[in-house]
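Notes to accompany the following structure.
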Amino acid sequence: MEEKDLSSVEYFVKREVLDELHLDEIAQKGTWSTKPTLGDRVKESLRCSVPRLKRILLTWVPVLSWLPHYSIRENAIGDLIAGCSVGIMHLPQGMAYALLASLRPVYGLYTSLFPVLVYFIFGTSRHISIGTFAVISIMVGCVAERLAPDSNFVVNGTNGTETVDIDERDAYRVQIACSLTVLAGIFQILLGVVRFGFVVTYLSEPLVRGYTTGSACHVCVSQLKYLFGISPSRFIGPLSLIYTVVDICSLLPQTKVPELVVSLVALAVLIVVKEINNCYRQKLPLPIPIELIVVIAATIITHFCGLTSKYNIDVVGEIPSGLKVPRAPDATWFSSVVGDAFAIAIVSFAINISLGKTFGLKHGYKVDSNQELVAVGLSNAIGGLFQCYSVTSSLSRSLVQESTGGKTQVAGVISSIIVLITILKIGSLFEDLPKAVLSTIVLVNLKGMFRQFMDLPLLWKTNKADLSVWLVTFISTILLNLDLGLAVSIGFSMLTFIFRTQLPHYSILGNVPGTELYLDTDTYKEANEIPGIKIFRSSTTIYYTNAEMFLEALQEKSGIEIGKLLSAKKKRDAKQKRKQEKEKKKAEQAAKKQNSDMNKENSARTKGESQGNSVASSIYETSADGLSKGHVNLAYQPDITTSDSDSDAGYDCITEFSHHSDEEKGQACKSGTHSIILEISTTSFVDTVTVKTLKNIFRDFGEADLDIYLAGCQACVVEQLEAADFFSVSVPKSRLFVTVHDAVLYILKKRGQTDFVLNVSCSTRM
């Protein structure tokens with residue numbers, strides 16, 4: 001009912017037609033600048049005061065702004081429950097994801113401790129849970145295995161067999177992982193300091209989701225060796241995932257049945273209980289910590305049943321108690337991992353900021369992307385000193401932290417305390433935990449990533465370009481590995497953006513009767529073109545990559561081929577010039593003939609003076625009178641008549657040619673177009689190529705007797721045009737109108753079509 005009432009609302013506007021000059025006068029456009037000068041900005045940045053120092057401190061260390069105002073009554077219980085829940089999840093996930101990073105499980109516990117405390121101090125999101133994550137773990141693991149493969153640590157055994165020195169290999173991989181993490185953190189800190197947080201906007205949502213789905217496939221394949229108890233070969237480079245799958249399939253006959261049974265049982269229990277958690281999450285006060293329960297149960301069963309000695313089940317092994325002394329990373333690895341570090345820095349930040357902004361929007365607080373970049377960078381850089389590898393936020397843990405009542409990052413501190421107690425006191429109790437159980441935990445947590453395949457039907461219906469980005473990202477990640485896949489996907493995503501701006505939608509606009517609206521004539525049936533006026537619009541900004549296409553589309557849509565018009569005009573002018581030269585030559589020949597006849601007449605007159613004084617006198621007077629007026633004398637009257645006849649014929653010929661050229665011009669313009677309006681409201685900036693293109697349009701179409709007008713130009717674009725000296729005598733500012741309707745009314749009044757003006761501007765109904 002309300003919509004029906006609104007549809008009958010009318011409004012009437014009566015004002016004069018406004019071009020840019022009149023608009024500046026009426027709206028009182030300011031010539032002042034509200035932006036501080038460069039010198040003022042430098043002075044302000046160097047100025048030191050207590051309020052400014054406090055503001056900077058609160059910006060860079062956000063915990064100081066909210067912790068003093070922390071409400072124990074409102075937040076303490078929720079943060080305590082959320083912290084315990086997330087801490088319980090950190091234990092199995094930290095140990096499981098450490099295997100993905102090709103490190104011992106204890107390093108996953110370290111990674112679940114120190115970076116969380118750093119983010120508590122510097123982070124701006126209240127709900128995300130920083131720590132280990134499958135995608136980042138597999139990226140670190142790929143680098144560690146590439147630079148420290150098993151083949152580099154083969155030693156001769158006592159009985160002549162070759163074995164791998166696992167201790168030395170793991171020590172090298174820890175050094176590589178720590179160096180990689182510190183370098184990635186440095187990249188993130190530098191990008192955050194220079195306020196480069198917007199870089200993540202170039203990673204579109206389809207790209208991130210396609211990349212994480214492809215990474216999930218890498219994670220899944222990497223865990224199959226633990227499920228089946230086999231040892232596939234290590235492959236690197238493009239197609240390594242395919243080669244690994246083929247190798248695993250060939251090794252399936254060597255599957256260790258006990259490990260497969262353990263994996264299947266753990267997998268079944270995890271899936272069933274997690275589904276129960278999802279179904280009854282509204283009724284359960286806390287989600288069932290099934291991961292921790294499975295870890296404890298599997299460790300107890302393996303230890304007391306002697307599964308390690310009886311069935312040779314691969315277990316976690318020694319977990320040292322206590323914390324590692326901080327140590328500077330080995331900088332010699334930086335040159336080898338610089339590309340991977342930058343990729344990890346971008347991907348980890350993209351995942352972190354996407355989750356942070358999601359929760360911030362849901363709960364009504366702001367997440368600063370630049371500060372988040374610094375916070376994650378410090379978490380990585382400081383964590384790398386304490387034997388941690390790269391971190392980012394985890395969706396599963398973040399959802400648990402939010403759903404269990406977490407209000408601030410105090411929940412992260414509580415989860416860190418639980419992890420710290422585990423490392424110091426009870427970590428050694430998990431030495432008999434089967435690696436197959438940890439791999440099942442990883443696989444079950446990939447469910448959310450594999451659900452992203454459901455994006456494909458939706459993208460197919462909504463946006464084919466985003467679908468292509470998703471598919472190319474996924475396929476390149478699968479075939480080219482994580483590093484090259486990310487580079488290819490970013491390049492392809494940028495290409496789609498370039499193609500969208502290079503291939504915009506061009507349209508001719510028509511007026512909707514009784515309104516001031518001008519819509520695409522191909523889309524709206526009631527939109528009718530104004531006779532003699534072409535209104536042309538581009539759907540995107542005109543700049544150097546599409547300026548030439550803009551001109552081509554203008555000619556195609558308007559039906560005016562400016563090249564043919566100009567060439568026809570040149571031919572017409574040349575033909576007219578030749579005609580004038582021909583007439584001039586005829587006149588000169590007639591004058592020469594006249595002079596020769598006069599000479600003959602004078603000689604004849606001298607000889608015939610005896611024939612009579614009256615005749616001679618008459619001839620003399622007439623000749624004198626004719627010469628004084630620049631005309632021929634009466635003795636040559638028949639030639640004068642002939643000359644007049646020729647002159648009239650020449651005039652008629654020129655007139656006929658001119659009429660023919662008008663028809664030719666009308667045919668080129670198809671509908672007798674005399675004015676073109678360029679609607680450029682979608683243009684947000686202009687470059688030198690755009691300015692040159694617009695100048696050429698005004699010049700070339702003007703030479704073809706077509707008037708060009710601009711409409712809907714934004715104020716910032718007008719300033720850029722003025723700075724580029726676009727306006728001149730040939731292109732006055734009066735050709736720039738506020739709206740298309742203003743330009744149309746001006747043209748119609750200029751052409752004297754007052755009746756049509758009244759029909760267009762009578763009233764507007766909404």
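When you look at residue 473, is it at pLDDT 90 or above and open to solvent by less than 50 Å² (accessible area, probe 1.4 Å), yes or no?
On the way: at pLDDT 90 or above: yes; open to solvent by less than 50 Å² (accessible area, probe 1.4 Å): yes.
In short, yes.
Out of (1) among the acidic types (Asp, Glu); (2) at pLDDT 90 or above; (3) touching a Pro at 6+ places or on another chain (Cβ under 8 Å), the odd one out for residue 44 is which?
(2)
Determine which member of the set 177, 184 is assigned to a helix (DSSP H, G or I), among the small types (Gly, Ala, Ser) and within 30 Å of residue 58 (Cα to Cα).
Working: 177 fails: within 30 Å of residue 58 (Cα to Cα).
Within the list 177, 184, the selection yields 184.
Of the conditions (1) at pLDDT 80 or above; (2) open to solvent by 60 Å² or more (accessible area, probe 1.4 Å); (3) on the phi > 0 side of the Ramachandran plot, residue 15 fails just one. Which one is it?
(3)
Please enumerate the residues belonging to segment 219-235 that are outside any helix (DSSP H, G or I) and surrounded by fewer than 21 Cβ atoms within 10 Å (Cβ to Cβ). Even if it seems obvious, please write down each step before you answer.
Taking segment 219-235 and keeping what is outside any helix (DSSP H, G or I), we get 229-235.
Across segment 219-235, the qualifying residues are 230, 231, 232, 233, 234, 235.
Rundown of residues vs (1) of a type in the set (Ser, Thr, Tyr); (2) modelled with pLDDT of 95 or more; (3) open to solvent by 10 Å² or more (accessible area, probe 1.4 Å); (4) out of contact with any Pro (no Cβ under 7 Å at 6 or more places or on another chain), yes/no style:
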site	(1), (2), (3), (4)
84	no, no, yes, yes
92	no, no, no, yes
98	no, no, no, no
103	no, no, yes, yes
117	no, yes, yes, yes
134	no, no, no, yes
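Please name all residue pairs, on different chains or six or more residues apart, with Cβ atoms under 7 Å, provided the first residue is in segment 276-287 and is open to solvent by 80 Å² or more (accessible area, probe 1.4 Å) and the second residue is outside any helix (DSSP H, G or I).
281/287
Could you tell me which numbered condition residue 208 fails, if it satisfies all but one of (1) surrounded by fewer than 24 Cβ atoms within 10 Å (Cβ to Cβ); (2) at pLDDT 90 or above; (3) under 30 Å from residue 358 (Cα atoms); (4) not charged (D, E, K, R)?
If we test residue 208 against (1) surrounded by fewer than 24 Cβ atoms within 10 Å (Cβ to Cβ); (2) at pLDDT 90 or above; (3) under 30 Å from residue 358 (Cα atoms); (4) not charged (D, E, K, R), just (2) comes out false.
Does segment 727-748 contain any residue that is within 26 Å of residue 567 (Cβ to Cβ) and either of a type in the set (D, E, K, R) or in contact with a His (Cβ under 8 Å, 6 or more places away or on another chain) (or both)?
Looking for residues that are within 26 Å of residue 567 (Cβ to Cβ) and either of a type in the set (D, E, K, R) or in contact with a His (Cβ under 8 Å, 6 or more places away or on another chain) (or both), one finds at least one in segment 727-748, hence yes.
Please go through segment 477-489 and pick out each residue that is surrounded by 20 or more Cβ atoms within 10 Å (Cβ to Cβ) and either over 19 Å from residue 137 (Cα atoms) or without any contact (Cβ under 8 Å) to a residue 40 or more places away in the chain (or both).
489, the sole residue that qualifies.
Please work out if residue 201 is in a strand (DSSP E or B), open to solvent by 40 Å² or more (accessible area, probe 1.4 Å) and hydroxyl-bearing (Ser, Thr, Tyr).
Answer is no for this residue.
Pick from 557, 585, 579: which is assigned to a helix (DSSP H, G or I), out of contact with any strand residue (DSSP E or B) (no Cβ under 9 Å at 6 or more places or on another chain), open to solvent by 40 Å² or more (accessible area, probe 1.4 Å) and closer than 27 Å to residue 672 by Cβ? Before the answer, list the steps.
Details: 557 fails: out of contact with any strand residue (DSSP E or B) (no Cβ under 9 Å at 6 or more places or on another chain); 585 fails: closer than 27 Å to residue 672 by Cβ.
Matching residue, one of 557, 585, 579: 579.
Answer yes or no: is there a residue in segment 407-427 that is more than 42 Å from the chain's Cα centre (by Cα) and of a type in the set (D, E, K, R).
yes
What's the total number of residues in segment 708-739 that are outside any helix (DSSP H, G or I) and open to solvent by 60 Å² or more (accessible area, probe 1.4 Å)?
Qualifying residue count, segment 708-739: 4.
Out of everything in segment 139-185 that is more than 44 Å from the chain's Cα centre (by Cα) and open to solvent by less than 40 Å² (accessible area, probe 1.4 Å), what residue ends up being nearest to residue 218 (Cα to Cα)?
153
Of the conditions (1) assigned to a helix (DSSP H, G or I); (2) in contact (Cβ under 8 Å) with a residue 24 or more places away in the chain, residue 461 fails just one. Which one is it?
(2)
Could you say whether any residue in segment 165-172 is of a type in the set (D, E, K, R) and not in a helix (DSSP H, G or I)?
The answer is yes; a qualifying residue exists.
Can you tell me which condition residue 620 does not meet? The list is (1) open to solvent by 90 Å² or more (accessible area, probe 1.4 Å); (2) at pLDDT 80 or above; (3) outside any loop (DSSP other than H, G, I, E, B), and all the others hold.
(2)
The values are calculated or read from the model by the stated rules, or taken from the named source; none is laboratory data. Note that the coordinates shown come from a computational prediction; the quantities given were computed from them, not determined experimentally. Neighbour counts are summed over all protein chains in view; Cβ atoms, including those assigned to glycine, are modelled from backbone coordinates with ideal geometry. Keep in mind that these areas ignore ligands, DNA and RNA; they rest on the heavy atoms of the full protein, side chains included. Shrake-Rupley method; radii C 1.70, N 1.55, O 1.52, S 1.80 Å.
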